[in-house]
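The values are calculated or read from the model by the stated rules, or taken from the named source; none is laboratory data. Note that the structure is predicted; figures quoted are calculated from it, not measured. All Cβ positions, glycine included, derive from the backbone under ideal geometry; neighbour counts span all protein chains shown. Surface areas here come from the heavy atoms of the whole protein model, side chains and all, with no ligands, DNA or RNA. Shrake-Rupley method; radii C 1.70, N 1.55, O 1.52, S 1.80 Å.
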Amino acid sequence: MKKSVKRNLIAAAFIVPSLFIFINVVIIPFVMGIVYSFTDWDGFQFAGSKFVGFQNYVQVFQDSDFLTSFGLTFKYAVCMIILVNVIGLSLAMLVTSKIKSRNLLRSIYFLPNLIGGLILGFIWKFVFTKFFVQVGEVLGNSSIFFNWLDDPTASFWALVFVGTWQMAGYVMIIYIAAIQGVSDEVLEAADMDGAGGWMRFRKIMFPLIMPAFTISLFLTLSNAFKQYDTNISLTNGGPYGTTELVAMNIFKTAFSMNQYSLAQAKAIIFFLVILVVTVTQVVISKKREVEQ
């Protein structure tokens, strides 16, 4: 057997099982979901379902709760993009400096990402509802230390805080890899030319780590739009639906209201919006990258 044929067979042995799983778990359900969204499917048997055309999609845009949750999700995504990347990059700059505890700090900052979103939400729910209230009573300060999850505005920022706390350490790792890939000669040349710390970062370091920024921005954006587990365990959409993100709205439409075809239409629209936003972000970010 020729080496090329043997190599192709080995590659196929690794690719085909994964491709088979991907097609059956992602592609086929996605295509079926598109078909279901044009029917009055009841969530059980497709046989007997009637074709209703774009009726579900029209109903989606008449659903004020869905539109509100979409606006809230956009707000959440913008906050996450800014905070996660600013904090993640700052942490990466810190742990790639010459401080002695940098390896320990890397582990500490990355640790929240190892905790599942559901568990993380329940942990911080205890902090916001119990610990904050106790601290507020002891310090006599109820302007900061109160039950954040009872207030519509504070509960949203609690969701942002927990999401940032979880993901900042993850993007930190991406930025660390990019920073360590920058040539020392380039930085030494900048120092010899008299560039200050901020000038060196803005004009040299940041353009060179732009590919990492593109990746981090994409991951943060997609994860923020798809946020569900922390949303349900931390706030469960409350108080009074003021923190209900799109993923939770779709889930409730299907499994609480039993409107499966409507939920599927919402999911298709949600997918298209995420696709357009993320592709646009990647294209714009790619144009700003600098070849090293």
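Give me the pairs: first residue in the stretch 202-216 and without any contact (Cβ under 8 Å) to a residue 24 or more places away in the chain and part of a helix (DSSP H, G or I), second residue surrounded by fewer than 20 Cβ atoms within 10 Å (Cβ to Cβ) and among the aliphatic types (A, V, I, L, M), beta-carbon distance under 9 Å, and six or more apart or on different chains, which are they?
Close Cβ pairs satisfying both conditions: Lys203/Ala190; Lys203/Ala195; Ile204/Val182; Ile204/Val186; Ile204/Leu187; Ile204/Ala189; Ile204/Ala190; Ile204/Ala195.
What are the residues in the stretch 53-77 that are in a loop (DSSP other than H, G, I, E, B), modelled with pLDDT of 90 or more and open to solvent by less than 80 Å² (accessible area, probe 1.4 Å), if any?
Once the filter is applied, which keeps residues that are in a loop (DSSP other than H, G, I, E, B), modelled with pLDDT of 90 or more and open to solvent by less than 80 Å² (accessible area, probe 1.4 Å), the stretch 53-77 yields only Asp63.
Kindly indicate whether any position in the stretch 183-195 is assigned to a helix (DSSP H, G or I), of a type outside the set (Lys, Arg) and under 26 Å from Ser64 (Cβ atoms).
no
Taking the stretch 16-45, which residues are of a type outside the set (Val, Ile, Thr), over 17 Å from Phe255 (Cα atoms) and surrounded by fewer than 16 Cβ atoms within 10 Å (Cβ to Cβ)?
Here is the first cut: in the stretch 16-45, the ones of a type outside the set (Val, Ile, Thr) are 17-20, 22, 24, 29-30, 32-33, 36-38, 40-45.
Restricting the remaining residues to those that are over 17 Å from Phe255 (Cα atoms) gives 17-20, 22, 24, 29-30, 32, 38.
Passing the criteria: Pro17, Ser18, Leu19, Phe20, Phe22, Asn24, Pro29, Phe30, Met32.
With the requirement that a residue be open to solvent by 70 Å² or more (accessible area, probe 1.4 Å) and of a type in the set (S, T, N, Q), what does the stretch 3-15 give you?
The answer is Asn8, and nothing else.
Out of the residues in the stretch 88-107 meeting the condition of being over 15 Å from the mean Cα position of the chain (by Cα) and touching a residue at least 60 places away in the same chain (Cβ under 8 Å), tell me which one is surrounded by the most Cβ atoms within 10 Å (Cβ to Cβ).
Ala92
Among the listed residues Asn258, Asn236, identify the single one that is at positive phi, in contact (Cβ under 8 Å) with a residue 40 or more places away in the chain, open to solvent by 60 Å² or more (accessible area, probe 1.4 Å) and not in a helix (DSSP H, G or I).
Asn258
Would you mind stating whether Ile284 is touching a residue at least 24 places away in the same chain (Cβ under 8 Å) and surrounded by fewer than 20 Cβ atoms within 10 Å (Cβ to Cβ)? Working first, answer last.
Numbers: touching a residue at least 24 places away in the same chain (Cβ under 8 Å): no; surrounded by fewer than 20 Cβ atoms within 10 Å (Cβ to Cβ): yes.
So Ile284 does not fit the description; no.
With respect to Tyr228, is the statement that it is closer than 19 Å to Gln166 by Cα and either among the small types (Gly, Ala, Ser) or open to solvent by 10 Å² or more (accessible area, probe 1.4 Å) (or both) true?
yes
For the stretch 181-198, check the following and say yes or no: at least one residue is under 27 Å from the mean Cα position of the chain (by Cα) and open to solvent by 70 Å² or more (accessible area, probe 1.4 Å).
no
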